[in-house]
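Notes follow once the structure below has been shown.
The values are calculated or read from the model by the stated rules, or taken from the named source; none is laboratory data. Please read all numbers here as calculations on a predicted model, not as lab measurements. Using ideal geometry, Cβ is built from the backbone for each residue, glycine included, and neighbour counts are taken over all protein chains shown. Note: areas computed on protein heavy atoms with side chains; ligands, DNA, RNA excluded. Shrake-Rupley method; radii C 1.70, N 1.55, O 1.52, S 1.80 Å.
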Amino acid sequence: MAREYPKLKLDKSMAMFEEAQRLSPGGVMGIRRPYNFIQGEYPIFIDRGYGGHIVDVDGNDYIDMLCAYGPIILGYDEKEINDAVKKQMDERGFCFSLVQPAQNALEQAIVDIVPCAEQVIPVKTGSDATTLAVRIARGYTDRSVILRCGYHGWHDWCVENHGGVPAETLALTDEFEYGDLADLERKLDAHKGKVACVIITPVGHPLAKPVMAPPKGYLEAVKDLAHKHGAVLIFDEIRTGFRAALGGAQERYGVTPDMGTFGKALANGYPISCVAGKREIMSVCEKKVFVSSTFFPNSLEMVAALKCLEILKREDVPNKIWERGTRFLASIRKIVDETKAPISVSGIPPMPFFTFEKAPGDEDKTYKARREYFYTQTIRRGLFIQPFHHWYIAYRHTDEDLAYALKCIRESVELTLEKYPVKG
(Lines give C-alpha, C1' and ligand atoms only; values in the text may rest on other atoms or scores of the structure.)
Protein backbone atom coordinates (compact mmCIF):
# COMPACT_ATOMS: atom_id res chain seq x y z
CA MET A 1 0.00 0.00 0.00
CA ALA A 2 1.46 3.34 -1.07
CA ARG A 3 1.92 5.91 1.66
CA GLU A 4 2.56 9.62 1.75
CA TYR A 5 6.16 10.61 2.35
CA PRO A 6 7.02 13.49 4.69
CA LYS A 7 8.03 16.86 3.34
CA LEU A 8 11.73 17.19 2.57
CA LYS A 9 14.02 19.27 4.77
CA LEU A 10 14.86 22.28 2.57
CA ASP A 11 15.95 24.87 5.13
CA LYS A 12 19.25 25.79 3.41
CA SER A 13 17.63 26.04 -0.02
CA MET A 14 14.93 28.35 1.28
CA ALA A 15 17.42 30.55 3.17
CA MET A 16 19.59 30.83 0.06
CA PHE A 17 16.55 31.70 -2.03
CA GLU A 18 15.61 34.48 0.37
CA GLU A 19 19.12 35.87 0.02
CA ALA A 20 19.02 35.40 -3.75
CA GLN A 21 15.89 37.54 -4.07
CA ARG A 22 17.77 40.41 -2.45
CA LEU A 23 20.67 39.97 -4.86
CA SER A 24 18.85 39.38 -8.16
CA PRO A 25 15.33 39.96 -9.59
CA GLY A 26 13.27 36.94 -8.61
CA GLY A 27 16.29 35.26 -7.05
CA VAL A 28 16.81 32.80 -9.89
CA MET A 29 15.92 33.19 -13.55
CA GLY A 30 13.17 31.90 -15.81
CA ILE A 31 12.46 28.19 -15.83
CA ARG A 32 14.41 27.64 -12.61
CA ARG A 33 12.04 29.75 -10.52
CA PRO A 34 10.08 27.83 -7.87
CA TYR A 35 6.67 28.39 -9.51
CA ASN A 36 7.79 26.12 -12.37
CA PHE A 37 7.93 23.25 -9.88
CA ILE A 38 5.88 22.79 -6.69
CA GLN A 39 6.65 25.72 -4.44
CA GLY A 40 7.92 24.72 -1.02
CA GLU A 41 8.44 21.09 -2.04
CA TYR A 42 11.33 21.27 -4.50
CA PRO A 43 14.88 22.36 -3.72
CA ILE A 44 16.13 25.60 -5.26
CA PHE A 45 19.89 25.24 -4.86
CA ILE A 46 21.85 22.16 -5.92
CA ASP A 47 25.18 21.25 -4.33
CA ARG A 48 26.52 18.60 -6.69
CA GLY A 49 25.76 15.85 -9.16
CA TYR A 50 27.06 12.33 -9.83
CA GLY A 51 26.00 9.75 -12.38
CA GLY A 52 22.27 10.21 -12.90
CA HIS A 53 21.76 11.88 -9.50
CA ILE A 54 21.82 15.35 -7.99
CA VAL A 55 22.22 16.35 -4.34
CA ASP A 56 20.75 19.59 -3.01
CA VAL A 57 22.34 21.93 -0.47
CA ASP A 58 20.34 20.25 2.31
CA GLY A 59 21.81 16.84 1.41
CA ASN A 60 18.71 15.36 -0.27
CA ASP A 61 19.66 12.94 -3.05
CA TYR A 62 17.50 12.66 -6.20
CA ILE A 63 17.40 10.61 -9.38
CA ASP A 64 17.52 13.49 -11.85
CA MET A 65 15.36 12.95 -14.92
CA LEU A 66 15.31 16.63 -15.83
CA CYS A 67 19.05 16.44 -16.61
CA ALA A 68 19.66 20.21 -16.31
CA TYR A 69 16.85 20.68 -18.85
CA GLY A 70 18.64 18.43 -21.31
CA PRO A 71 22.41 18.98 -21.46
CA ILE A 72 23.27 15.95 -19.33
CA ILE A 73 23.11 13.11 -21.85
CA LEU A 74 25.82 11.01 -20.20
CA GLY A 75 25.81 11.86 -16.51
CA TYR A 76 27.13 14.32 -13.97
CA ASP A 77 30.85 14.66 -13.23
CA GLU A 78 32.04 12.75 -16.31
CA LYS A 79 35.72 12.17 -15.62
CA GLU A 80 36.77 11.56 -19.22
CA ILE A 81 35.29 14.88 -20.38
CA ASN A 82 36.52 16.82 -17.36
CA ASP A 83 40.04 15.44 -17.77
CA ALA A 84 40.16 16.52 -21.42
CA VAL A 85 39.02 20.01 -20.44
CA LYS A 86 41.58 20.26 -17.63
CA LYS A 87 44.34 19.14 -19.97
CA GLN A 88 43.42 21.86 -22.47
CA MET A 89 43.26 24.45 -19.70
CA ASP A 90 46.59 23.48 -18.19
CA GLU A 91 48.60 22.88 -21.37
CA ARG A 92 47.18 25.23 -24.01
CA GLY A 93 44.75 27.76 -22.54
CA PHE A 94 41.36 28.51 -24.00
CA CYS A 95 40.61 32.21 -24.66
CA PHE A 96 42.60 34.05 -27.32
CA SER A 97 42.31 36.76 -29.97
CA LEU A 98 42.43 33.98 -32.60
CA VAL A 99 40.96 30.47 -32.76
CA GLN A 100 42.57 27.19 -31.70
CA PRO A 101 42.75 23.93 -33.70
CA ALA A 102 39.94 22.42 -31.60
CA GLN A 103 37.49 24.49 -33.65
CA ASN A 104 38.34 22.72 -36.92
CA ALA A 105 38.27 19.35 -35.20
CA LEU A 106 34.83 19.92 -33.71
CA GLU A 107 33.33 21.30 -36.90
CA GLN A 108 34.62 18.27 -38.83
CA ALA A 109 33.16 15.91 -36.22
CA ILE A 110 29.74 17.54 -36.59
CA VAL A 111 29.95 17.46 -40.41
CA ASP A 112 30.72 13.74 -40.16
CA ILE A 113 27.70 13.09 -37.91
CA VAL A 114 24.84 15.45 -38.86
CA PRO A 115 23.09 14.91 -42.24
CA CYS A 116 22.48 18.61 -43.03
CA ALA A 117 25.96 19.74 -41.94
CA GLU A 118 28.21 20.93 -44.74
CA GLN A 119 29.44 23.88 -42.68
CA VAL A 120 29.24 24.64 -38.96
CA ILE A 121 29.34 27.77 -36.78
CA PRO A 122 29.92 27.18 -33.05
CA VAL A 123 28.15 29.52 -30.63
CA LYS A 124 27.31 29.23 -26.93
CA THR A 125 23.58 28.75 -26.18
CA GLY A 126 20.46 27.40 -27.80
CA SER A 127 19.08 30.91 -28.20
CA ASP A 128 22.34 31.96 -29.87
CA ALA A 129 22.03 29.11 -32.35
CA THR A 130 18.38 29.56 -33.29
CA THR A 131 18.75 33.33 -33.59
CA LEU A 132 21.83 32.97 -35.80
CA ALA A 133 20.04 30.42 -37.97
CA VAL A 134 17.15 32.83 -38.47
CA ARG A 135 19.55 35.67 -39.32
CA ILE A 136 21.31 33.45 -41.86
CA ALA A 137 17.97 32.54 -43.45
CA ARG A 138 17.00 36.20 -43.68
CA GLY A 139 20.36 37.05 -45.20
CA TYR A 140 20.12 34.23 -47.72
CA THR A 141 16.54 34.95 -48.84
CA ASP A 142 16.42 38.73 -48.35
CA ARG A 143 13.09 38.17 -46.63
CA SER A 144 11.93 39.09 -43.11
CA VAL A 145 9.06 36.89 -41.90
CA ILE A 146 9.69 33.84 -39.70
CA LEU A 147 7.24 30.96 -39.30
CA ARG A 148 7.95 29.14 -36.07
CA CYS A 149 6.69 26.02 -34.28
CA GLY A 150 8.04 25.17 -30.84
CA TYR A 151 10.15 26.85 -28.20
CA HIS A 152 13.26 28.47 -29.69
CA GLY A 153 14.70 30.52 -26.84
CA TRP A 154 14.40 33.90 -25.16
CA HIS A 155 15.45 36.34 -27.91
CA ASP A 156 13.05 38.99 -29.23
CA TRP A 157 11.91 37.15 -32.36
CA CYS A 158 10.67 34.07 -30.49
CA VAL A 159 10.27 34.74 -26.76
CA GLU A 160 6.89 33.57 -25.43
CA ASN A 161 6.64 36.31 -22.82
CA HIS A 162 6.44 39.52 -24.86
CA GLY A 163 7.41 41.98 -22.12
CA GLY A 164 10.07 44.37 -23.38
CA VAL A 165 9.74 43.27 -27.02
CA PRO A 166 8.66 45.84 -29.65
CA ALA A 167 5.40 45.06 -31.43
CA GLU A 168 7.19 45.65 -34.74
CA THR A 169 9.56 42.78 -33.96
CA LEU A 170 6.77 40.45 -32.89
CA ALA A 171 4.87 41.15 -36.12
CA LEU A 172 7.67 39.52 -38.14
CA THR A 173 7.17 36.11 -36.50
CA ASP A 174 4.05 33.96 -36.97
CA GLU A 175 3.44 30.68 -35.16
CA PHE A 176 1.93 27.51 -36.63
CA GLU A 177 0.60 24.37 -34.93
CA TYR A 178 2.76 21.25 -34.83
CA GLY A 179 1.32 18.42 -36.93
CA ASP A 180 -1.17 20.66 -38.74
CA LEU A 181 -0.02 21.01 -42.36
CA ALA A 182 -3.07 23.06 -43.30
CA ASP A 183 -2.14 25.64 -40.66
CA LEU A 184 1.41 25.91 -42.02
CA GLU A 185 0.10 26.28 -45.57
CA ARG A 186 -2.31 29.03 -44.49
CA LYS A 187 0.51 30.94 -42.82
CA LEU A 188 2.79 30.55 -45.86
CA ASP A 189 0.01 31.83 -48.12
CA ALA A 190 -0.76 34.72 -45.77
CA HIS A 191 2.89 35.86 -45.95
CA LYS A 192 3.48 34.83 -49.55
CA GLY A 193 6.86 35.92 -50.86
CA LYS A 194 7.96 37.24 -47.45
CA VAL A 195 8.86 34.08 -45.48
CA ALA A 196 12.59 33.72 -44.86
CA CYS A 197 12.40 30.46 -42.97
CA VAL A 198 10.26 27.82 -41.36
CA ILE A 199 11.84 26.83 -38.04
CA ILE A 200 10.39 23.81 -36.27
CA THR A 201 11.29 21.41 -33.49
CA PRO A 202 11.18 18.07 -35.38
CA VAL A 203 9.70 16.44 -32.27
CA GLY A 204 6.85 18.58 -30.95
CA HIS A 205 7.29 19.58 -27.30
CA PRO A 206 4.91 22.46 -26.49
CA LEU A 207 4.92 23.81 -22.94
CA ALA A 208 3.11 21.49 -20.47
CA LYS A 209 1.43 19.57 -23.33
CA PRO A 210 2.03 16.06 -24.66
CA VAL A 211 5.27 15.52 -26.55
CA MET A 212 4.62 14.46 -30.16
CA ALA A 213 6.80 12.35 -32.42
CA PRO A 214 6.35 13.53 -36.02
CA PRO A 215 3.31 11.96 -37.71
CA LYS A 216 4.20 9.82 -40.72
CA GLY A 217 5.12 12.02 -43.66
CA TYR A 218 4.77 15.25 -41.68
CA LEU A 219 8.37 16.47 -41.74
CA GLU A 220 8.67 15.59 -45.43
CA ALA A 221 5.55 17.65 -46.15
CA VAL A 222 6.84 20.60 -44.07
CA LYS A 223 10.05 20.53 -46.11
CA ASP A 224 8.14 20.44 -49.40
CA LEU A 225 5.90 23.36 -48.38
CA ALA A 226 8.82 25.47 -47.17
CA HIS A 227 10.74 24.95 -50.40
CA LYS A 228 7.66 25.49 -52.55
CA HIS A 229 7.42 28.96 -51.00
CA GLY A 230 11.14 29.66 -51.31
CA ALA A 231 11.76 29.49 -47.54
CA VAL A 232 14.69 27.91 -45.73
CA LEU A 233 13.80 24.93 -43.51
CA ILE A 234 15.47 24.91 -40.09
CA PHE A 235 15.18 22.03 -37.63
CA ASP A 236 15.66 23.25 -34.07
CA GLU A 237 17.45 20.21 -32.66
CA ILE A 238 18.64 21.86 -29.46
CA ARG A 239 16.90 19.07 -27.51
CA THR A 240 16.88 16.21 -30.02
CA GLY A 241 20.41 16.62 -31.37
CA PHE A 242 22.69 13.67 -30.50
CA ARG A 243 19.82 12.29 -28.39
CA ALA A 244 17.10 11.13 -30.81
CA ALA A 245 20.02 9.66 -32.79
CA LEU A 246 23.68 10.56 -33.09
CA GLY A 247 22.78 12.74 -36.09
CA GLY A 248 19.66 14.07 -34.40
CA ALA A 249 15.99 13.73 -35.27
CA GLN A 250 16.85 14.39 -38.93
CA GLU A 251 18.77 11.10 -38.90
CA ARG A 252 16.13 9.26 -36.86
CA TYR A 253 13.23 10.31 -39.11
CA GLY A 254 15.13 10.52 -42.39
CA VAL A 255 14.38 14.15 -43.31
CA THR A 256 17.29 16.52 -43.94
CA PRO A 257 16.60 20.24 -43.41
CA ASP A 258 18.59 23.14 -44.88
CA MET A 259 19.95 24.03 -41.46
CA GLY A 260 19.87 22.57 -37.97
CA THR A 261 20.60 24.03 -34.55
CA PHE A 262 22.26 21.92 -31.88
CA GLY A 263 23.13 22.42 -28.22
CA LYS A 264 22.33 20.86 -24.85
CA ALA A 265 23.69 17.31 -25.31
CA LEU A 266 26.59 18.46 -27.52
CA ALA A 267 29.04 18.75 -24.61
CA ASN A 268 27.23 17.13 -21.65
CA GLY A 269 26.72 20.42 -19.82
CA TYR A 270 29.54 22.62 -21.09
CA PRO A 271 28.12 25.79 -22.71
CA ILE A 272 28.30 25.31 -26.46
CA SER A 273 25.86 25.09 -29.34
CA CYS A 274 26.09 25.40 -33.10
CA VAL A 275 24.35 26.05 -36.39
CA ALA A 276 25.00 23.45 -39.08
CA GLY A 277 23.74 23.62 -42.63
CA LYS A 278 24.18 23.60 -46.37
CA ARG A 279 27.27 25.41 -47.65
CA GLU A 280 25.28 27.59 -50.07
CA ILE A 281 23.14 28.99 -47.25
CA MET A 282 25.79 29.14 -44.52
CA SER A 283 28.20 31.00 -46.82
CA VAL A 284 26.26 34.26 -46.36
CA CYS A 285 28.20 34.54 -43.09
CA GLU A 286 31.42 35.11 -45.03
CA LYS A 287 30.50 38.76 -45.70
CA LYS A 288 26.79 39.52 -45.81
CA VAL A 289 25.68 38.29 -42.37
CA PHE A 290 27.70 39.23 -39.29
CA VAL A 291 28.30 36.91 -36.36
CA SER A 292 30.90 37.46 -33.65
CA SER A 293 31.44 37.07 -29.93
CA THR A 294 34.41 37.33 -27.60
CA PHE A 295 33.64 33.87 -26.23
CA PHE A 296 32.34 31.86 -29.21
CA PRO A 297 35.87 30.59 -30.06
CA ASN A 298 36.76 29.49 -26.51
CA SER A 299 38.18 26.00 -26.75
CA LEU A 300 37.28 24.37 -23.41
CA GLU A 301 33.70 23.77 -24.52
CA MET A 302 34.92 22.54 -27.91
CA VAL A 303 37.24 20.03 -26.27
CA ALA A 304 34.37 18.90 -24.04
CA ALA A 305 32.12 18.52 -27.09
CA LEU A 306 34.72 16.51 -28.98
CA LYS A 307 35.14 14.13 -26.07
CA CYS A 308 31.38 13.90 -25.53
CA LEU A 309 30.77 13.05 -29.20
CA GLU A 310 33.56 10.47 -29.03
CA ILE A 311 31.87 8.77 -26.05
CA LEU A 312 28.40 8.96 -27.60
CA LYS A 313 29.69 7.19 -30.71
CA ARG A 314 32.01 4.73 -28.96
CA GLU A 315 29.40 3.61 -26.44
CA ASP A 316 26.47 3.76 -28.91
CA VAL A 317 24.77 5.99 -26.35
CA PRO A 318 21.79 7.30 -28.38
CA ASN A 319 20.65 3.80 -29.37
CA LYS A 320 21.09 2.48 -25.83
CA ILE A 321 19.10 5.40 -24.41
CA TRP A 322 16.41 4.80 -27.04
CA GLU A 323 16.15 1.11 -26.08
CA ARG A 324 15.94 1.82 -22.35
CA GLY A 325 13.54 4.69 -22.91
CA THR A 326 11.28 2.45 -24.98
CA ARG A 327 10.98 0.06 -22.04
CA PHE A 328 10.49 2.96 -19.61
CA LEU A 329 7.67 4.48 -21.67
CA ALA A 330 5.98 1.08 -21.96
CA SER A 331 6.16 0.67 -18.18
CA ILE A 332 4.64 4.12 -17.60
CA ARG A 333 1.80 3.31 -20.00
CA LYS A 334 1.20 0.06 -18.11
CA ILE A 335 0.95 1.99 -14.81
CA VAL A 336 -1.57 4.41 -16.31
CA ASP A 337 -3.59 1.60 -17.91
CA GLU A 338 -3.68 -0.47 -14.71
CA THR A 339 -4.65 2.45 -12.47
CA LYS A 340 -7.01 3.97 -15.07
CA ALA A 341 -5.48 7.34 -14.24
CA PRO A 342 -6.58 10.38 -16.30
CA ILE A 343 -3.06 10.87 -17.63
CA SER A 344 -1.66 11.10 -21.15
CA VAL A 345 1.70 9.40 -21.58
CA SER A 346 3.66 10.91 -24.44
CA GLY A 347 7.11 11.54 -25.79
CA ILE A 348 9.83 9.69 -27.59
CA PRO A 349 11.95 7.15 -25.70
CA PRO A 350 14.74 9.57 -24.66
CA MET A 351 12.15 12.23 -23.68
CA PRO A 352 9.11 10.79 -21.83
CA PHE A 353 6.33 12.90 -20.30
CA PHE A 354 3.12 12.79 -18.24
CA THR A 355 0.23 15.16 -18.87
CA PHE A 356 -2.73 15.27 -16.48
CA GLU A 357 -5.93 15.39 -18.52
CA LYS A 358 -8.58 18.01 -18.04
CA ALA A 359 -12.00 16.36 -17.97
CA PRO A 360 -14.94 18.08 -19.71
CA GLY A 361 -16.65 20.45 -17.30
CA ASP A 362 -13.75 20.33 -14.83
CA GLU A 363 -14.52 23.76 -13.40
CA ASP A 364 -12.74 23.09 -10.11
CA LYS A 365 -9.53 22.29 -12.04
CA THR A 366 -9.03 18.91 -10.41
CA TYR A 367 -6.40 18.06 -13.00
CA LYS A 368 -4.18 20.82 -11.58
CA ALA A 369 -4.64 19.54 -8.05
CA ARG A 370 -3.76 16.02 -9.20
CA ARG A 371 -0.67 17.31 -10.97
CA GLU A 372 0.54 19.25 -7.93
CA TYR A 373 -0.05 16.34 -5.57
CA PHE A 374 1.59 13.80 -7.89
CA TYR A 375 4.78 15.85 -8.25
CA THR A 376 4.81 16.54 -4.51
CA GLN A 377 4.89 12.81 -3.91
CA THR A 378 7.56 12.07 -6.51
CA ILE A 379 9.97 14.75 -5.28
CA ARG A 380 9.54 13.59 -1.68
CA ARG A 381 10.51 10.10 -2.85
CA GLY A 382 13.69 11.41 -4.46
CA LEU A 383 12.62 11.52 -8.10
CA PHE A 384 13.42 14.87 -9.74
CA ILE A 385 11.01 15.47 -12.63
CA GLN A 386 9.21 18.63 -13.74
CA PRO A 387 5.44 19.25 -13.97
CA PHE A 388 5.59 21.38 -17.12
CA HIS A 389 8.55 19.98 -19.04
CA HIS A 390 9.23 16.55 -20.46
CA TRP A 391 11.79 14.34 -18.75
CA TYR A 392 15.03 12.84 -20.07
CA ILE A 393 16.81 9.50 -19.84
CA ALA A 394 20.56 9.83 -19.35
CA TYR A 395 23.17 7.19 -20.08
CA ARG A 396 24.23 6.99 -16.42
CA HIS A 397 20.71 6.28 -15.18
CA THR A 398 21.16 2.72 -13.97
CA ASP A 399 18.56 -0.02 -14.27
CA GLU A 400 18.06 0.40 -10.52
CA ASP A 401 17.50 4.13 -10.96
CA LEU A 402 14.85 3.59 -13.62
CA ALA A 403 13.17 0.80 -11.65
CA TYR A 404 12.99 3.06 -8.59
CA ALA A 405 11.66 5.92 -10.74
CA LEU A 406 8.85 3.66 -11.95
CA LYS A 407 8.10 2.63 -8.35
CA CYS A 408 7.89 6.33 -7.36
CA ILE A 409 5.59 7.04 -10.30
CA ARG A 410 3.27 4.11 -9.55
CA GLU A 411 2.98 4.92 -5.85
CA SER A 412 2.42 8.61 -6.56
CA VAL A 413 -0.28 7.87 -9.15
CA GLU A 414 -2.05 5.55 -6.71
CA LEU A 415 -1.95 8.13 -3.93
CA THR A 416 -3.14 10.85 -6.30
CA LEU A 417 -6.17 8.81 -7.32
CA GLU A 418 -6.97 8.07 -3.68
CA LYS A 419 -6.92 11.78 -2.84
CA TYR A 420 -8.59 12.94 -6.07
CA PRO A 421 -10.65 9.99 -7.34
CA VAL A 422 -11.98 9.94 -10.87
CA LYS A 423 -15.72 10.63 -10.93
CA GLY A 424 -18.15 8.40 -12.80
remark   = For the chain, the accessible surface attributable to carbon and sulfur atoms (probe 1.4 angstrom, ligands and nucleic acids excluded) amounts in percent to 52 percent
note = With a Förster distance of 25 angstrom and the Cβ-Cβ distance between Lys287 and Thr169, calculated FRET efficiency to the nearest 0.05 equals 0.50
message = I need the Debye-formula profile for region 174-218: one equal scatterer per C-alpha, no solvent, reported as log10 I(q)/I(0) at q = 0.22, 0.26 1/Å, two decimals.
response = -0.82, -1.02
request  = Could you bin all the Cα-Cα distances of region 305-376 into 5 Å bins starting at 0 and give me the percent of pairs in each, rounded to whole numbers?
outcome  = 3, 14, 17, 17, 15, 10, 8, 8, 5, 2, 1
key: For region 379-424, size of Cβ-based charge dipole, Lys and Arg +1, Asp and Glu -1, in debye   = 200 debye
ask   = How high is the FRET efficiency between Lys423 and Leu23 when r is their beta carbon distance and R₀ equals 45 Å, given to the nearest 0.05?
value = 0.45
ask   = Roughly how many nanometres apart are two label points built 7 Å out from the Cα toward the Cβ at Lys313 and Glu160?
value = 3.5 nm
request  = Convert each backbone phi in region 286-295 into a coupling constant with the Karplus relation 6.51 cos²θ - 1.76 cosθ + 1.60 (shift: θ = phi - 60°), then list the ³J(HN,Hα) values in order as whole Hz, x for Gly and Pro.
outcome  = 5, 9, 6, 10, 9, 9, 6, 7, 4, 9
request  = Please give the contour-minus-distance gain from Glu280 to Ala221: 0.36 nm per residue of separation, less the Cα-Cα distance, rounded to one decimal in nm.
outcome  = 19.0 nm
Cβ-placed point charges (K, R +1; D, E -1), dipole of region 322-424 about Cα centre in debye, nearest 20 = 80 debye
query = Which lysines have a Cα lying under 30 Å from the Cα of Lys358, excluding residues fewer than 8 positions away in the same chain?
reply = Lys7, Lys187, Lys209, Lys216, Lys334, Lys340, Lys368, Lys407, Lys419, Lys423
task = Would you mind computing, in nm to one decimal, how far apart the modelled labels at Lys192 and Arg333 are, each placed 7 Å from Cα along Cα→Cβ?
result = 4.3 nm
key: Cβ-Cβ FRET estimate between Glu4 and Glu185, R0 fixed at 35 Å, reported to 0.05   = 0.10
query = Quick one: net charge of Leu106's neighbours, Cβ under 12 Å, K/R +1, D/E -1?
reply = -3
Region 317-368, dipole about Cα centre (Lys/Arg Cβ +1, Asp/Glu Cβ -1), debye to the nearest 20 = 300 debye
query = Over the Cα atoms of region 1-130, how large are the radius of gyration and the largest Cα-Cα distance (Dmax), in Å?
reply = 19.7, 64
ask   = At q = 0.11 Å⁻¹, what base-10 log of I(q)/I(0) does the Debye formula yield for region 289-424 when every alpha carbon is treated as an equal point scatterer in vacuo?
value = -0.53
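Can you give the translational diffusion coefficient of region 333-410 in µm²/s, computed by Stokes-Einstein from the Kirkwood radius over Cα pairs at 20 °C and 1.002 mPa s?
Values: Rh = 13.5 Å.
Calculated translational D: 159 µm²/s.
Would you mind computing Rg(Cα) / (2.2 N^0.38 Å) for the chain, counting N as its residues?
1.00
Ordered by packing density, taken as the mean number of other Cβ atoms within 10 Å over each peptide's residues, highest first, how do 125-132, 264-271 rank?
Details: 125-132: 23.5, 264-271: 25.4.
Going by the mean number of other Cβ atoms within 10 Å, highest first, we get 264-271, 125-132.
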task = For region 42-88 and region 195-229, compute the distance between their C-alpha centroids and round to whole Å.
result = 32 Å
key: Additional length obtainable on full extension of the chain from Cys95 to Tyr404, 0.36 nm per residue less Cα span   = 106.9 nm
note = Cα-based Debye curve of region 193-236 sampled at q = 0.15 Å⁻¹ gives log₁₀ I(q)/I(0) of -0.41
